[in-house]
1. Restricting attention to the stretch 49-58, and to residues there that are surrounded by fewer than 19 Cβ atoms within 10 Å (Cβ to Cβ) and of a type outside the set (D, E), which single residue is nearest to the chain's Cα centre (by Cα)?
2. So I240 fits all but one of (1) β-branched (V, I, T); (2) part of a helix (DSSP H, G or I); (3) in contact (Cβ under 8 Å) with a residue 60 or more places away in the chain; what number is the exception?
3. Among the residues of the stretch 221-234, are any within 20 Å of I117 (Cα to Cα) and either assigned by TED's automatic domain parsing to the domain that holds E80 or basic (K, R) (or both)?
4. What number of residues in the stretch 71-94 are within 20 Å of Y33 (Cα to Cα) and in contact (Cβ under 8 Å) with a residue 12 or more places away in the chain?
5. Report, ordered by the first and then the second residue, all pairs with beta carbons closer than 8 Å, sequence separation of six or more or different chains, a first member in the stretch 185-196 that is farther than 21 Å from F44 by Cα, and a second member that is assigned to a helix (DSSP H, G or I) and at pLDDT 95 or above.
6. Taking the conditions exactly as written (more than 19 Å from F104 (Cα to Cα) and of a type outside the set (D, E)), does S42 satisfy them or not?
7. I'd like the full set of residues that are within 16 Å of M85 (Cα to Cα) and buried (at least 18 other Cβ atoms within 10 Å of the Cβ), limited to the stretch 26-48.
Amino acid sequence: MKKQLILELKKGGLGDHLFYSHIPRIAKEFGEYNEVLISNRSIFRNDAYRKLIWEFNPFVDGFTDEPGLYYQVEKLNDNENLLDMLMLKYGLDDGKRWHEPELFYTPEKKLAYQNSIIYDPNYISYTGDLNNGQLIQNWLEESGIKVDFQMQKLKQRFLTIEEGEMMKTGSILDLCSLIVSCKRMYCLTTGTATLAAALNIPVTVFYGTGHDQLYRHSKLHEYVHVGTDYNFADKVKKEIVLFLGKFLTLGVR
């Protein structure tokens, strides 16, 4: 009888999907699964994630309308990262630790960006107690780093800095090309950083006070704590939101 694993991803972000990208391979190589499927009930914040992460993955056999398994991790164990602990939640273990996300796509390199330093100010998930990009700007200046391009603001959340020519990527595949082509990428603890890890490209990742270490998951990256610019009112607001979050589902997943 065919042993089947169905994954149902209940959070739709780029990083949210990449955290599970190693599971199909390990399931087949070490879990004795003959078939790994992705449930169509999964949430995709961007339809392109479906193709990039799952359709290109040779260890994924297709999609199904059936529900699947979904596990989350709330707390780290010593000497294990988020991806390790998700693997173990699925009853799998390849004996390795500090897994990186996996991507089976080779981006085209763009020579125009090969000597460029790029900063991505965008984020969706909480990246620490930061209101604006001034602390990041200060760190860059103190480190003698000059940003050539700053990626265009998307949606509602961003920590922009005061330098860098504005640029736009047309698709997630363009972002992959940008990451593998540029001299150095600077970003926040978001999908850009997780995507870079999947492409085996080290980047510098900024985060603020209060950020959960669970999401600083890659050995490739340099993680920089820039502190906090929260004032008293910001801290009170945060505590209220955290309190209400225990009883209500806030915002769009």
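1. If we take residues in the stretch 49-58 being surrounded by fewer than 19 Cβ atoms within 10 Å (Cβ to Cβ) and of a type outside the set (D, E), then R50 is nearest to the chain's Cα centre (by Cα).
2. (3)
3. No: zero hits.
4. 12
5. Filtered contacts from the stretch 185-196: M185/L178; M185/I179; M185/T192; M185/A196; Y186/I136; Y186/L140; C187/A193; C187/A196.
6. yes
7. Hits for the stretch 26-48 are I26, A27, G31.
Residue-wise test of (1) modelled with pLDDT of 95 or more; (2) touching a helix residue (DSSP H, G or I) at 6+ places or on another chain (Cβ under 8 Å).
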{"residue": "V60", "(1), (2)": "yes, yes"}
{"residue": "E66", "(1), (2)": "yes, no"}
{"residue": "K75", "(1), (2)": "no, yes"}
{"residue": "N81", "(1), (2)": "yes, no"}
{"residue": "P101", "(1), (2)": "yes, yes"}
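The values are calculated or read from the model by the stated rules, or taken from the named source; none is laboratory data. Every value quoted in this text rests on a predicted model; they were computed, and no experiment measured them. Neighbour counts are summed over all protein chains in view; Cβ atoms, including those assigned to glycine, are modelled from backbone coordinates with ideal geometry.
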